[in-house]
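Structure, as structure tokens:
The values are calculated or read from the model by the stated rules, or taken from the named source; none is laboratory data. Source: prediction; values computed, not measured. Cβ sites come from the backbone with ideal geometry, for glycine too, and all protein chains shown count toward neighbours.
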Amino acid sequence: MVAMGSSEAILQVFRAPFIKPDSTYSLGSFIKYKKKSGSNVVRLFKCSSIYHQFPASPTTRIDNLKDKRFESSSCKCQNTGSVSGFTTENENSTWFVDNAKEFNTIQETGRSPNLLGSEDVQNIEKENESSLSDVIEQEAWDLLRESIVHYCGSPIGTIAANDPTSSSVLNYDQVFIRDFIPSGIAFLLNEEYDIVRNFILHTLQLQSWEKTMDCHSPGQGLMPASFKVRTVPLEGDDTATEEILDPDFGEAAIGRVAPVDSGLWWIILLRAYGKSSGDTSLVERIDVQTGIKMILKLCLADGFDMFPTLLVADGPCMIDRRMGIHGHPLEIQALFYSALMCAREMLAPEDGSADLIRALNNRLVALSFHIREYYWVDLKKLNEIYRYKTEEYSYDAVNKFNIYPDQIPPWLVEWMPNKGGYLIGNLQPAHMDFRFFSLGNFWSVVSSLVTVDQSNAILDLIDAKWADLVADMPFKICYPALEGQEWQIITGCDPKNTPWSYHNGGSWPTLLWQLTVACIKMDRPEIAARAVKIAEGRLAQDKWPEYYDTKRGRFIGKQSRLFQTWTIAGYLVSKLLLANPNKAKILMTDEDSDLVNAFSCMITSNPRKKRGPKNSQKTYIV
Ligand code: GLC
């Protein structure tokens, strides 16, 4: 949604969503624009045409839905009545009295042609369920389309939330890169490619923005966390307005943290677009190839780090406020791996990129080895850690990161199931963050960052810990919540991140789609279907909240937005993929044989047995 400019009368307002791009449409021109507040010269993208769509706000959707639900169920009831011969309670009882004789016969024979068998009842229930599900799905599509943001007359993204009940918009009226991913996937699955293509190209333009924060410029290649389409007076003409794209790289975000995940998601979406549309021309464009390389260079740049994992500040991803995930959080590592795999498929082989591709391949091997080996915990591994020796100074230390066994939290000793395992949230010298972070675990399965056995073990754990991770609403963003002094110190007493709320153990329905892709990859879609069913029972009724609170996810989140777009889109993607699991391939990456060979080469120089300077210096070029 965009604030209306002074001369709104001249804006052409399109009411119908999904207008085909204007034939005269061209990408916004890249021009210099002086910001009125502050002295920074910033570049804004403008388009000279001044068409704009204001999405209609979702007024009383749920009431409509309730009506529809009623219509749909009452309609089904009538059908049921006509089949079974009982429609209302009264009629039921009459029926039983009048048919007492026959009832006896039923008891004797077990079945009457006039009475519904349990199978029939089940079928009718199923029919009712599926028609209700259709109604909810339709509402989700309507809402998703209403959240579309246009730029120069073309759809380029979806706003984060379209909540008419919220008094403060904050930045929820912006297009967030990470939030758009499920929207984009939903459109791709529905063969609506334009919006995704436009999104990819426009965010690419924003990548080359001059970013500054208190006179410091972050690295080239950074993608914004979000952007907004603004309508501003046309320079030199007070009677006209124009649209500009105004990105936020974290300079305005709460906590001022750079979004590390944006560029990684951008690469993942780009590959999904190509796979789904069959349009190879986009990825072949020079500017798109340059965009991929810029992101890779930023991620693969040398630093002081000893680990192949990406070192980042707190809150660089979906969890975008202080939650103690600084260092090497799993979510970033899983997205990093996935983006490297996707980029490898898309980079055009040319002389100039040989070094980059070599660096990328080496990183893939080292990263997967590191995560599979050091982030993995199951009962066996936990017992190993429990018996760790510490203060080992040598190349062949078993306890490489000097983890003190006392770090194993008491909750985990109880919680770890006999069957199953997961990747811990973070690993630093002398520190393992044992919290379970959902997105990182899901995406490690999707991208093959973990082995097939580990992937299955993650799903086994989800199954075993359903009551904690799903309960009344899928899916806990992390488990368990930080409480007491830990919450005070780690979150900085953040009132939004109180225990079992928001990022601190809150339940986020958007995570459904990532769970679904992971389950489909492992050929266990029934797990995702179970979660979707739970969500479906509440989401539309609750007006599609951003997140839920409490240990079981029973309450709509304290400060949760309603009509949160990625809740809506996440649900849609799950439904679409469960109906057509083959399509999930656009998001998955499989381990290739080169990588497996290099990996087994690393395993044979077993880190648990023999670690010497020679082995550790070995490089693996795929
Ligand atoms: C919150 C979430 C973040 C999301 C944004 C917009 O800040 O933590 O992940 O991108 O809202 O929905």
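Quick look at the numbers
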read-out	value
Hey, Gly303 of a type in the set (Gly, Ala, Ser) and away from the ligand (no atom under 16 Å from the Cβ) or not	yes
Boolean, Ile124 is more than 16 Å from the ligand (Cβ to nearest atom), touching a helix residue (DSSP H, G or I) at 6+ places or on another chain (Cβ under 7 Å), in a strand (DSSP E or B) and hydrophobic (A, V, I, L, M, F, W, C)	no
Top-ranked residue in region 156-168 [being touching a residue at least 24 places away in the same chain (Cβ under 8 Å) and outside any strand (DSSP E or B); ranked as nearest to the ligand (Cβ to nearest atom)]	Ala160
Checking Tyr547 against (1) in contact with an Asp or Glu (Cβ under 9 Å, 6 or more places away or on another chain); (2) within 16 Å of the ligand (Cβ to nearest atom), the condition it does not meet	(1)
Checklist (1) buried (at least 21 other Cβ atoms within 10 Å of the Cβ); (2) at pLDDT below 95; (3) more than 23 Å from Leu364 (Cα to Cα) applied to Ile319, failing item	(2)
Selection within region 383-438 - of a type in the set (Asp, Glu) and touching a residue at least 40 places away in the same chain (Cβ under 8 Å)	Asp396, Asp433
Verdict on Met294 being more than 16 Å from the ligand (Cβ to nearest atom) and either among the hydroxyl-bearing types (Ser, Thr, Tyr) or touching a residue at least 24 places away in the same chain (Cβ under 8 Å) (or both)	yes
Residue count, region 306-348 (criterion: within 15 Å of the ligand (Cβ to nearest atom), assigned to a helix (DSSP H, G or I) and touching a strand residue (DSSP E or B) at 6+ places or on another chain (Cβ under 7 Å))	2
Selection status of Ile106, modelled with pLDDT of 75 or more and among the hydrophobic types (A, V, I, L, M, F, W, C)	no
Check on Met602, away from the ligand (no atom under 16 Å from the Cβ), more than 22 Å from Pro164 (Cβ to Cβ) and at pLDDT 75 or above	no
Considering residues of region 169-205 that are part of a loop (DSSP other than H, G, I, E, B) and within 13 Å of the ligand (Cβ to nearest atom) only, the residue modelled with the highest pLDDT	Gln174
Some residue of region 131-146 being more than 16 Å from the ligand (Cβ to nearest atom), modelled with pLDDT under 80, small (Gly, Ala, Ser) and not in a loop (DSSP other than H, G, I, E, B)	no
Trp376 being of a type in the set (Phe, Trp, Tyr), surrounded by 14 or more Cβ atoms within 10 Å (Cβ to Cβ) and out of contact with any Gly (no Cβ under 8 Å at 6 or more places or on another chain)	no
Close pairs (8 angstrom Cβ cut-off, 6 or more residues apart or separate chains): free of Cβ contacts under 8 Å to residues at least 60 places away in the same chain in region 309-323, outside any loop (DSSP other than H, G, I, E, B) and within 10 Å of the ligand (Cβ to nearest atom) anywhere	Pro316/Asp261
Hits in region 234-278 - residues which are part of a strand (DSSP E or B) and either under 28 Å from Glu192 (Cβ atoms) or acidic (Asp, Glu) (or both)	Asp237, Asp238, Glu242, Glu243, Ile244, Leu245, Asp246, Pro247, Asp248
Region 472-498: number of residues that are in a loop (DSSP other than H, G, I, E, B), crowded, with 19+ Cβ neighbours inside 10 Å and either away from the ligand (no atom under 16 Å from the Cβ) or of a type in the set (A, V, I, L, M, F, W, C) (or both)	7
Condition check for Val257: at pLDDT 95 or above and crowded, with 18+ Cβ neighbours inside 10 Å	no
Any chance Leu234 is more than 16 Å from the ligand (Cβ to nearest atom) and either over 22 Å from the mean Cα position of the chain (by Cα) or closer than 23 Å to Ile295 by Cβ (or both)	yes
Of residues in region 199-244 being within 22 Å of Ala301 (Cβ to Cβ) and of a type in the set (Gly, Ala, Ser), the one surrounded by the fewest Cβ atoms within 10 Å (Cβ to Cβ)	Ser217
Failed condition for Ala397, given (1) among the hydrophobic types (A, V, I, L, M, F, W, C); (2) modelled with pLDDT of 95 or more; (3) out of contact with any helix residue (DSSP H, G or I) (no Cβ under 8 Å at 6 or more places or on another chain)	(2)
